[in-house]
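Q: I'd like to ask some things about the structure below.
The values are calculated or read from the model by the stated rules, or taken from the named source; none is laboratory data. Predicted, not measured: the structure shown is a model, and the values here were computed from it. Every residue, glycine among them, receives a Cβ derived from its backbone with ideal geometry; neighbour counts consider all protein chains shown. All accessible areas refer to the heavy atoms of the entire protein, side chains included, with ligands and DNA or RNA removed. Shrake-Rupley method; radii C 1.70, N 1.55, O 1.52, S 1.80 Å.
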Amino acid sequence: MISTARLLMAFLLLSAVEIPPPSHAQGATAQDGAAQDDAFEEAIEEGRAAHQRYVDRIEELQAEVTRQNARLRNAGAGNPEEQTRRNETILALARLHASIGQYGQAVELLKSEVEQADTTGAAGTTAGTGAPGAAGTMADTAEMRALLGRLLMRLGRHDEAEAVLAAARSSRGGPALVTVRLAEVYFTTGRTEEGFELCREVLRDTGTQGPPNAPNLMAAGLAARYLELSHEANSFLAAATRFDDEYLDAYVAWGRLFLDKHNRAEATGIFEDALKIDSGYPLALIGLAEALAEKQPLPAEAIVRKALAINPALMEGRHFLAGLHLTDEAYDDAIGQLDQALEVNPRSPGTHALLAAAYHGQGRQADFEAARQRVLDINPSYGRLYEIIANHLTRRYRFRESVEMGRRAIETDPALWSAYAGLGISLTRVGEMAEARRMLEQAFDRDPFDTRTYNTLELLDAFEEFETRESGPFILKIHRDEDAVYGNLAIDLLEEAHRTIAPRYGFTPNGPVLVEMLPDNDDFMVRIAGVPGTGGLLGVCFGEVVVANSPRARPKGTFNWGQTLWHEYIHVTHLQQTRNRIPRWLAEGIAVYETRLARPEWDMDLEAEFVEAAAQGELLAVSELNRGFTRPKSRNQIVLSYYQASIVVEYIVDTFGFEAVRHMLDLYNRNRTTAEVVREVTGRSMEDFDRAFADYTEKRTAGLRRVLQFKPPRDEKPSMAELEAMAADHPESFYAHLMLGQALHGQKRYEEAIAPLERARTLHAHYTHAGNPHALLAEIYLEQGNTEAAMEALEALTAVDEDDFESCTTLAGLYAGEGRRGDALRILERAVMIDPFDAGIRKMRAGLYERDGRPDLAVPEYEAVLAVETTDRVQAQYDLARAYLAAGRKDDARKAALKALEDAPGFEAAQEVLLRSLE
């Protein structure tokens, strides 16, 4: 049940819930990818322009410092106001140097000022009366010292940073911002409790160090954030931005607080406010990119590229790009980014941790161990090391290893609550629900703002309403309201998939395969992503666990749940056979390919889109195909990548035989890279393999490319005469004949429409979009009373369209009317894989089974009818009683008949069944 604490926090989560954007399978073109490339280049150009503006401003401030020094020298007895203005100029100048990555220049500038201030203070000279241009007292230079310490940290000079910051504190403590920056040194080097004590000191002293100012308020906000006092942190940071509405670092700190608390929407607004002050401030750009990355990954990447054009030394930008490369499994590219980060800061635990993740992904064990040790030498309690690797393993679906790394993260840093959450979710993906709940509860207790944790706990509670079926290698969890409707169908289909696929691949499951059917798509999205939303996925396989939309999770006719289950079971096979090391493109390619072999109507209707993409040069090389799934450049590229991957598998089978696919799986299980696998299986380099597949695609699509080449301009609405002329001039054009047939059909000139529509479906039989020739011809033939021709057209349509429920029911009815019970049942099998909740088709199946003398098969159909029937439950109970009786289940027949008679005591047929059940 929902805990009281979680109920109390529910209201806090509403503004933080983010819904992934919908996936679009159609409508994108090559311009999308080109536009994205243009966006990257435009962002880089904007960054270069901003960089130059910073350089120009640096020159202006350097000249201003020279003038201020002259005025201070001429002042003689001193000028405190001028000294204050000079300090502000020096700070601004140092910040500008830092903004473009000139950390060394900024450090030298600040060190010089601090040393002069220390010399002046040691000589007992008051501010403004010492050497011309001296910065002033310790208090006067507090911000300089805080910035100097921070910049030294950016260069990995931890000991120097500590010395500078510690020297700025007196025996009674010190300026708040200096103290917080010193705490950050301690956090970075593993002295966590010392850092916490400094943060507590800042909060104790807040309000006692004179009038409030933006740096002190920001320091208090940072201290509260580090102490996990989120509400207090929010108040202090908001106050800092109100006190000085141009204090950029306060905005950045405030935005990062909301990122910490998983509220990307608020974080986005705050970073955008900072960029209104300075559109090129790199830390605000990086913050905005991180806030947008989940929902808008490509714009986020463009923002990062802009930031790096401004500041090539920006470690956060290198980390961001390295993370993208890790997701793509482009490890050398990730390492290249991280090497650039290490040139700036060779002692960044975060950089070395990402480097360790890259080496781990490559299987370079010695390099991984060396990178891991470098992290722990810098910070022995840096649990993020293992959390970063665990997160990367999760993205690669290597959940068992992710669980192990998650446990190591918690052992290394027992207060790393995000690691508890990540571990808990990974445990759900290997079916270890009890431990998952414990981890998630601990995470939520300390971080109640994490919507993913909250949502997952709610979903685990909801599983109390599910039934569990066990059969063969499968454990099926299905909602109790749906079990009677399709529970048997689901188990039968899974077992058929296992009988078909397992011998073909020589596969034996490692253990039980858990399959969860979720009736609410929001719950499905929570199960796979942690947040509700629409999304484009219908099912997901984690290796040992399959999660899928139940047939009721989406509108009727929008997907085929049988196709989804079959597809996901194939993933079980190759994920387990490779220990989840198979690349995404091959995993999806095999699943789509095998699903197409199992049921041709389950194929993806993307042949025309594939041909067009090939003709326009949009297809990715096989070596780049993973990016079509992880970072698609256009709205339809991810969907097209599924289909393209299946054609790659088709090419491998056609060229090298099916055993080549099994050999590839074995090599991935042995930790080989894709280049090594391709070389060993095909004898070709990756580049040669890419070229060979391109040649195969060219030959495979040549015929259909010719048929689809001519497209009449739809937006110009050609006249009938023009359509007839186009069809005559282009006898091989699918679209010319289709549009002519559609126009004639629209005018009810059915006899004339037949020829162009028949020609169109001969040219391209797999076209199933609205207004397809099969459907129009069936309508015409039914209007003409030509049942045989109508059945033939509907047979052709349902053989290539996996979710056309209406055509299936119409065709089944026609077959049944013609006495072709076997054909009717065959088509109804297709229909029930689209919508098993339709009482009409379940009654039809039951009746056909009864007429075939198979009452045992009629029984589950009538049970399903009873589960979904809302209008005539008496008839449903009677039908079920009759089937029970015919199947020899007299006790069940008696119970069903009695239930019918409860509502209709005079129902004679039910009385007859009751009497016969008592014989």
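Q: Which one is nearest to Ala214 (Cα to Cα), of the residues in the range 240-261 that are open to solvent by less than 20 Å² (accessible area, probe 1.4 Å) and among the hydrophobic types (A, V, I, L, M, F, W, C)?
A: The selected residue is Ala240.
Q: Among the residues that make up the range 386-394, is at least one of them touching a strand residue (DSSP E or B) at 6+ places or on another chain (Cβ under 9 Å) and either open to solvent by 40 Å² or more (accessible area, probe 1.4 Å) or assigned by the TED database to the domain that holds His571 (or both)?
A: Looking for residues that are touching a strand residue (DSSP E or B) at 6+ places or on another chain (Cβ under 9 Å) and either open to solvent by 40 Å² or more (accessible area, probe 1.4 Å) or assigned by the TED database to the domain that holds His571 (or both), one finds none in the range 386-394, hence no.
Q: Check Ser279 against each of (1) part of a helix (DSSP H, G or I); (2) of a type in the set (Gly, Ala, Ser); (3) open to solvent by 50 Å² or more (accessible area, probe 1.4 Å) and name the one condition it does not meet.
A: (1)
Q: In the range 517-550, which residues are surrounded by fewer than 19 Cβ atoms within 10 Å (Cβ to Cβ) and either under 15 Å from Ala490 (Cα atoms) or among the basic types (Lys, Arg) (or both)?
A: The one that is surrounded by fewer than 19 Cβ atoms within 10 Å (Cβ to Cβ) and either under 15 Å from Ala490 (Cα atoms) or among the basic types (Lys, Arg) (or both): Pro519.
Q: Of all residues in the range 682-717, count the ones that are of a type in the set (D, E, K, R), touching a residue at least 12 places away in the same chain (Cβ under 8 Å) and either over 30 Å from Leu665 (Cβ atoms) or open to solvent by 50 Å² or more (accessible area, probe 1.4 Å) (or both).
A: 7
Q: Now a separate question. Quick check: anything in the range 581-593 buried (at least 22 other Cβ atoms within 10 Å of the Cβ), β-branched (Val, Ile, Thr) and not in a helix (DSSP H, G or I)?
A: The answer is yes; a qualifying residue exists.
Q: Continuing with the same structure: Considering only residues of the range 733-760 that are farther than 15 Å from Tyr781 by Cα and either part of a loop (DSSP other than H, G, I, E, B) or of a type in the set (D, E, K, R) (or both), which is least open to solvent (accessible area, probe 1.4 Å)?
A: Ser733
Q: For the range 428-456, what are the residues that are buried (at least 23 other Cβ atoms within 10 Å of the Cβ) and of a type in the set (A, V, I, L, M, F, W, C)?
A: Matches in the range 428-456: Met439, Leu440, Ala443, Phe444.
Q: Still on this model: Under the condition of being more than 27 Å from the chain's Cα centre (by Cα) and in contact (Cβ under 8 Å) with a residue 60 or more places away in the chain, which residue from the range 472-482 is surrounded by the most Cβ atoms within 10 Å (Cβ to Cβ)?
A: For the range 472-482, the residue satisfying everything is Glu482.
Condition check ((1) within 26 Å of the chain's Cα centre (by Cα); (2) in the same structural domain as Leu416 (by the TED database); (3) open to solvent by 10 Å² or more (accessible area, probe 1.4 Å); (4) charged (D, E, K, R)) across all residues:
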| residue | (1), (2), (3), (4) |
| --- | --- |
| Ala214 | no, no, no, no |
| Leu275 | no, no, yes, no |
| Leu288 | yes, no, yes, no |
| Glu294 | yes, no, yes, yes |
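Q: Search the range 216-236 for residues being under 31 Å from the mean Cα position of the chain (by Cα) and either in a helix (DSSP H, G or I) or among the acidic types (Asp, Glu) (or both), and hand back the single one that is surrounded by the fewest Cβ atoms within 10 Å (Cβ to Cβ).
A: His231
Q: Every residue in the range 811-847 that is farther than 23 Å from Trp602 by Cβ and either hydrophobic (A, V, I, L, M, F, W, C) or touching a residue at least 60 places away in the same chain (Cβ under 8 Å) (or both), please.
A: The answer is Ala816, Ala839, Ala846.
Q: Within the range 852-862, identify whether any single residue is in contact (Cβ under 8 Å) with a residue 12 or more places away in the chain, open to solvent by less than 40 Å² (accessible area, probe 1.4 Å) and among the small types (Gly, Ala, Ser), and answer yes or no.
A: Looking for residues that are in contact (Cβ under 8 Å) with a residue 12 or more places away in the chain, open to solvent by less than 40 Å² (accessible area, probe 1.4 Å) and among the small types (Gly, Ala, Ser), one finds at least one in the range 852-862, hence yes.
Q: Name the pairs: first residue in the range 755-768 and farther than 12 Å from Leu744 by Cβ, second residue open to solvent by 70 Å² or more (accessible area, probe 1.4 Å) and of a type in the set (D, E, K, R), Cβ to Cβ under 9 Å, at least 6 apart or on different chains?
A: The qualifying pairs are Leu763/Glu732.
Q: Moving on to the next point. Which of the numbered conditions does Ile303 fail, given that it passes all the others? Conditions: (1) touching a residue at least 40 places away in the same chain (Cβ under 8 Å); (2) of a type outside the set (Gly, Ala, Ser); (3) under 26 Å from Trp417 (Cα atoms); (4) open to solvent by 20 Å² or more (accessible area, probe 1.4 Å).
A: Ile303 satisfies every listed condition except (3).
Q: Considering the range 634-660 alone, what residues qualify as being more than 29 Å from Gln616 (Cα to Cα) and hydrophobic (A, V, I, L, M, F, W, C)?
A: Restricting attention to the range 634-660, the residues satisfying the condition of being more than 29 Å from Gln616 (Cα to Cα) are 657-660.
Across the range 634-660, the qualifying residues are Phe658, Ala660.
Q: Return yes when Ala613 is modelled with pLDDT of 95 or more and crowded, with 23+ Cβ neighbours inside 10 Å and no when it is not. Please lay out each step first, then the result.
A: Values: modelled with pLDDT of 95 or more: no; crowded, with 23+ Cβ neighbours inside 10 Å: yes.
In short, no.
Q: Name the pairs: first residue in the range 158-170 and surrounded by 15 or more Cβ atoms within 10 Å (Cβ to Cβ), second residue of a type in the set (Gly, Ala, Ser) and in a helix (DSSP H, G or I), Cβ to Cβ under 6 Å, at least 6 apart or on different chains?
A: Qualifying pairs under 6 Å: Ala161/Gly149; Val164/Gly149; Leu165/Gly149.
Q: Can I ask one more? Of the residues Ile834, Ile827, only one is crowded, with 24+ Cβ neighbours inside 10 Å and either among the polar types (S, T, N, Q) or not in a helix (DSSP H, G or I) (or both); which?
A: Ile834
Q: Just the residues that are among the hydrophobic types (A, V, I, L, M, F, W, C) and either surrounded by fewer than 21 Cβ atoms within 10 Å (Cβ to Cβ) or at pLDDT below 95 (or both), please, taken from the range 179-201.
A: Passing the criteria: Phe187, Phe196.
Q: Further, regarding this structure: State all residues of the range 718-732 that are surrounded by 17 or more Cβ atoms within 10 Å (Cβ to Cβ) and hydrophobic (A, V, I, L, M, F, W, C); if no residue qualifies, say none.
A: Of everything in the range 718-732, those that are surrounded by 17 or more Cβ atoms within 10 Å (Cβ to Cβ) and hydrophobic (A, V, I, L, M, F, W, C) turn out to be Leu723, Met726, Ala727.
Q: Among the residues of the range 628-673, which ones are within 25 Å of Glu301 (Cα to Cα) and either assigned to a loop (DSSP other than H, G, I, E, B) or of a type in the set (Ser, Thr, Tyr) (or both)?
A: Start the filter on the range 628-673 by keeping residues that are within 25 Å of Glu301 (Cα to Cα), which leaves 628-642.
Correct list: Thr630, Arg631, Pro632, Lys633, Ser634, Arg635, Asn636, Ser641, Tyr642.
Q: Could you check how many residues of the range 532-580 are among the charged types (D, E, K, R) and assigned to a helix (DSSP H, G or I)?
A: Counting residues in the range 532-580 that are among the charged types (D, E, K, R) and assigned to a helix (DSSP H, G or I) gives 1.
Q: Can you tell me which residue is modelled with the highest pLDDT among those in the range 33-69 that are crowded, with 16+ Cβ neighbours inside 10 Å and polar (S, T, N, Q)?
A: Gln68
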